[in-house]
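Each remark here refers to the structure printed beneath this line.
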Amino acid sequence: MNTNLAPMHEKLFGEYWVLWYAISNSYSVNSPEFKLLLDSYLASSTQDDFLATLSDDVSNIDKVQISEALLKYLEDCNRPTSTQNKLLVPLDSSKRHISKHYNFGDKTVQIYFDSELVLKTIHPAISQYCIENYKEVHTTFDIYLENDELCLFMDEQLISCVPKKDYHHIQGKFIMQLLCTLHNKTEHDWIGTLHGSTITDGESSILFVGKSGKGKSTLCALLASNGFDLLADDVSPILSENEQIYYNPSAISIKKGAFDILQPIVNNFETLPVVNFNKSKGNLKYVPCVKPKKDHYPCRSIILVNYTPNSKTKLEDISVKEILETIIEDSWLSPNPKHAEQFLNWLKDVKLYQLTYSDTASVSAEISELFKGLNKLY
């Protein structure tokens, strides 16, 4: 068979196998039964050899269909993602309609936006760092729409260009490039940026993930008001060198549905400006948080957040399949085979849970106990 289609990395997580395909930089989660069939298919020299490995109880027609289904699966998993043929496209400086400057300690960054709408993808989350007076600009970004695609440039070099509906990817790439500037790293130093929010207790960290509206940012705001520190909201970057999650200076984005929950808990919440980005997001407020004592912490757990009104607080084990299905779609993961292997090993080492909650007091106590337990394990 065509072994060029075989996955480069594979890892068993409980009852599921996670496979990584280099050509497409994609991850696939499969049952042991499917993995056994796939291994047999890839190990066979010809289709007839593979068919001969199947049970005699399976009809010849079904055997052929199984073989064809496996080939289609492999072809789909190895379908290259759209390459960025636009990397040599020059910057269109005529789109520099709005200019903002931001100071992060000893680094000042300038960002040009082409419209108020595009500005809202980045500025509200870092507005607390916006300054009027500056001496030197270390890095310049340009973000603008071109033919319904959102483009990100750094120092006049195109970093990424994606359909505007995938603005999460631009936010992630921007944060990664910002961190490269702040920490003197390059894009090749990172395993990726995960779509999730990370909280630290000063010793380790927990990554909270979940579909939009499931309450992960609200939970992080609650925890940040109860003795924990926000390490990263929405975009959590992992460095290859130490496999730790790094500080993302963005504020926590809070949807309107959580305003009443947070107003009595978060200081000066009512004075924070309301931002309307798009219809799907609705009204948002961005809650700035105190920077943790360190820039990076090891991640000990990933928690799928499931806010459910009037529910009891419940923390339970969850499968890697449910975790990956939640985080992969809006995350950026490095195509480097070394980083893909690191990601799988890192994922294997963290504890995976689902958290159902509605009560703010009990959920803070639950996370506090979890941190204590995790810190004892590592």
Can you give the three extents of the C-alpha atoms in region 233-378 along their principal axes, from longest to shortest, in whole Å?
46, 32, 32
May I ask you to evaluate 6.51 cos²θ - 1.76 cosθ + 1.60, the Karplus curve with θ = phi - 60°, for each residue of region 2-9 and list the ³J(HN,Hα) values in order in whole Hz, giving x for glycine and proline?
7, 6, 5, 8, 5, x, 7, 10
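Of the accessible area of region 111-201, with the probe set at 1.4 angstrom, what percent is carbon plus sulfur? Please list the in-between numbers first.
Values: 1690 of 3750 Å².
Ligands and nucleic acids excluded, carbon and sulfur give 45 percent.
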Please give the calculated 222 nm ellipticity per residue for the chain, where each DSSP H segment of at least 4 residues contributes -39500 (n - 2.57) and the sum is spread over every residue; nearest 500 deg cm²/dmol?
-9500 deg cm²/dmol
Please compute, over every Cα-Cα pair in the chain, the percentage with a separation greater than 38 angstrom.
25 percent
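Where does each of V29, V89, V320 land when they are ordered by accessible area, with a 1.4 Å probe and the largest first?
Working: V29 40, V89 70, V320 5 Å².
These residues rank, largest area first, as V89, V29, V320.
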If a paramagnetic tag sat 7 Å from the Cα of D189 along the Cα-Cβ line, which residues of region 134-148 would have the backbone N under 16 Å from that point?
139
Could you run the Karplus curve 6.51 cos²θ - 1.76 cosθ + 1.60 with θ = phi - 60° over region 144-153 and give me ³J(HN,Hα) per residue in whole Hz, x for Gly and Pro?
7, 8, 9, 6, 6, 10, 8, 10, 10, 10
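Mean separation of Cα pairs under 8 Å and 6+ residues apart, divided by the residue count of region 119-189: what relative contact order is that in percent?
Working: 68 pairs, mean separation 14.1, N = 71.
For region 119-189, the relative contact order is 20 percent.
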Dipole of region 36-125 (Lys/Arg Cβ +1, Asp/Glu Cβ -1, origin at the Cα centre): which of A125, C77, I61 lies farthest to the positive side?
A125
Working from Cα positions, state the angle (0 to 90°, nearest 10) between the long axis of helix 360-377 and the longest principal axis of the chain.
60 degrees
Using every pair of alpha-carbon atoms in region 1-132, split the distances into 10 Å bins beginning at 0 and state the percent of pairs per bin, rounded to integers.
10, 26, 17, 13, 16, 12, 6, 0
May I ask you to give the average projected area over all directions of the convex hull of the Cα atoms of region 228-299, in nm² rounded to one decimal?
5.8 nm²
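I'd like the trypsin sites (Lys or Arg not before Pro) in region 243-308 restricted to DSSP loop residues with at most 15 other Cβ atoms within 10 Å, sorted by number. All intermediate terms of the calculation are to be shown ahead of the outcome.
On the way: sites: K255, K256, K279, K281, K285, K293, K294, R300; in loops: K279, K281, K293, K294.
The qualifying sites are K279, K281, K293, K294.
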Alpha-carbon centroids, region 109-181 and region 219-283: separation in whole Å:
19 Å
Once Rh is set to the Kirkwood radius over Cα pairs, what Stokes-Einstein translational diffusion coefficient, in µm²/s, holds for region 55-205 at a temperature of 4 °C and a viscosity of 1.567 mPa s?
70 µm²/s
Model label zone, M8; criterion: amide N under 17 Å from point 7 Å along Cα-to-beta-carbon; scope region 340-366
340-346
Put a dot 7 Å past each Cα toward the Cβ at L71 and Y378; how far apart are the dots in nm?
4.6 nm
Between 0 and 90 degrees, rounded to the nearest ten: what's the tilt of helix 32-43 against the longest Cα principal axis of the chain?
60 degrees
So, in nm, how far is label I328 from label K314 when the simple model puts each one 7 Å beyond its Cα toward the Cβ?
2.7 nm
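Given a 1.4 Å probe, how much area per residue of region 100-250 is accessible, in Å²? Intermediate values should be presented prior to the final figure.
Values: 5450 Å² over 151 residues.
Value returned for region 100-250: 36 Å² of accessible area per residue.
If you take the beta carbon distance between D49 and I265 as r and set R0 to 56 Å, what does 1/(1 + (r/R0)^6) give as a FRET efficiency, to the nearest 0.05? All intermediate terms of the calculation are to be shown ahead of the outcome.
Numbers: r = 64 Å, r/R0 = 1.15.
Taking R0 as 56 Å, the efficiency between D49 and I265 is 0.30.
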Rounded, prolate or oblate, given the Cα gyration tensor of region 288-338, with a/c below 1.5 counting as rounded?
oblate
Would you look at the GNM of the chain, springs on alpha carbons closer than 10 Å, and say which of T139, T193, T81 moves the most?
T81
Go through region 256-272 residue by residue and turn each phi into a ³J(HN,Hα) via Karplus (6.51, -1.76, 1.60, θ = phi - 60°); whole Hz please, and just put x for glycine and proline.
4, x, 9, 4, 5, 5, 8, 4, x, 10, 8, 4, 6, 4, 5, 8, 5
How big is the accessible area of M8 in square angstrom, nearest 10, if you roll a 1.4 angstrom probe over the protein chains?
100 Å²
Which residues qualify? For F104, with a placed amide H closer than 5 Å and at least 5 residues away or on another chain, they are V109
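The values are calculated or read from the model by the stated rules, or taken from the named source; none is laboratory data. Bear in mind that the values here come from a model prediction, so they are computed numbers and not experimental data. Cβ: placed from backbone, ideal geometry, glycine included. Neighbour counts: every protein chain shown. The area values use the complete protein model at the heavy-atom level, side chains included, leaving out ligands, DNA and RNA. Shrake-Rupley method; radii C 1.70, N 1.55, O 1.52, S 1.80 Å.
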